[in-house]
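The values are calculated or read from the model by the stated rules, or taken from the named source; none is laboratory data. Only a predicted model underlies this, so the values are computations on that prediction, with no experimental measurement involved. Cβ atoms come from the backbone with ideal geometry, glycine included; neighbour counts cover every protein chain shown.
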Ligand code: AP5
Ligand code: ZN
């Protein structure tokens, strides 16, 4: 399976991607997780990216395209079983570059699924989110609490709040989404690979609709 998950911050991209991985064996490529890994490793790119991410802006197309190109052309799981792109592409130039890359690899994109949620719902999702930094697994204080308070279900390691998960940064992230990312919806509609899903429903219903729109 080769697909893109599109949606505003808190839409459920990172929540649904593991379901797709379990079902299809595809690789979950989250550019947000990749950038956060750079931040925790203390690389120069991480330091640069953190400033932008904490303010809710977008890292440059050049850097992001380079990261994805590297993964798609060297990651054996992507080549064998496909990929779930989460957080990329985020601009029209990124979408165009992705098409070029996949054309060169002779593995075109099969589906672009948009998780649709109104902005008002996203504030509580984002401000209540907890993550396990090493795996990217996410929980929610109320909607999806971990089994043990503030601990990851799988490893028992501590959960943290993302530094960009505050109301102020969220406003900017939503703004970036509507201005720079939403235009890619039309881009994929024109290519006839788009499907839209009501992602305000509970996670199980959202998952059911994703499976339906993929034709399973
Ligand atoms: P990124 O990490 O991609 O953040 P984002 O797009 O803002 O998306 P989120 O991770 O916040 O949302 P999600 O849809 O994954 O929600 P989740 O499933 O966790 O990017 C971070 C930053 O990196 C960007 O701002 C940018 O600076 C930079 N960046 C990344 N990629 C880039 C690119 N390509 N170009 C340039 N810059 C880039 O769910 C949220 C919460 O809600 C969780 O607590 C969850 O438990 C809960 N939840 C999920 N589904 C439901 C449901 N159905 N009902 C109730 N609760 C739910
Ligand atoms: Zn995410």
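Here is a list of conditions, (1) farther than 19 Å from residue 185 by Cα; (2) part of a loop (DSSP other than H, G, I, E, B); (3) touching a strand residue (DSSP E or B) at 6+ places or on another chain (Cβ under 9 Å), and residue 56 meets all of them except one; can you say which number that is?
Residue 56 satisfies every listed condition except (3).
Quick check on residue 45: is it modelled with pLDDT of 95 or more and in contact with a strand residue (DSSP E or B) (Cβ under 8 Å, 6 or more places away or on another chain)?
Spelling it out, it is not the case that residue 45 is modelled with pLDDT of 95 or more and in contact with a strand residue (DSSP E or B) (Cβ under 8 Å, 6 or more places away or on another chain).
Determine if the stretch 96-107 includes at least one residue that is in a loop (DSSP other than H, G, I, E, B), closer than 27 Å to residue 205 by Cβ and in contact with a strand residue (DSSP E or B) (Cβ under 9 Å, 6 or more places away or on another chain).
So far as the stretch 96-107 goes, no, none of its residues is in a loop (DSSP other than H, G, I, E, B), closer than 27 Å to residue 205 by Cβ and in contact with a strand residue (DSSP E or B) (Cβ under 9 Å, 6 or more places away or on another chain).
Given 185, 206, which one is within 12 Å of ligand 1 (Cβ to nearest atom) and either within 27 Å of residue 2 (Cα to Cα) or modelled with pLDDT of 95 or more (or both)? I'd like the intermediate steps shown before the answer.
Details: 185 fails: within 12 Å of ligand 1 (Cβ to nearest atom).
Selected residue: 206, the only one of 185, 206 that is within 12 Å of ligand 1 (Cβ to nearest atom) and either within 27 Å of residue 2 (Cα to Cα) or modelled with pLDDT of 95 or more (or both).
So which residues in the stretch 108-135 are within 11 Å of ligand 1 (Cβ to nearest atom), under 23 Å from residue 91 (Cα atoms) and in contact with a strand residue (DSSP E or B) (Cβ under 7 Å, 6 or more places away or on another chain), if there are any at all?
Answer for the stretch 108-135, where residues must be within 11 Å of ligand 1 (Cβ to nearest atom), under 23 Å from residue 91 (Cα atoms) and in contact with a strand residue (DSSP E or B) (Cβ under 7 Å, 6 or more places away or on another chain): just 115.
Output the number of residues of the stretch 1-31 satisfying the condition of being within 11 Å of ligand 1 (Cβ to nearest atom) and part of a loop (DSSP other than H, G, I, E, B).
Total meeting the criteria: 6.
In the stretch 53-72, how many residues are farther than 23 Å from residue 23 by Cα and more than 16 Å from ligand 2 (Cβ to nearest atom)?
10
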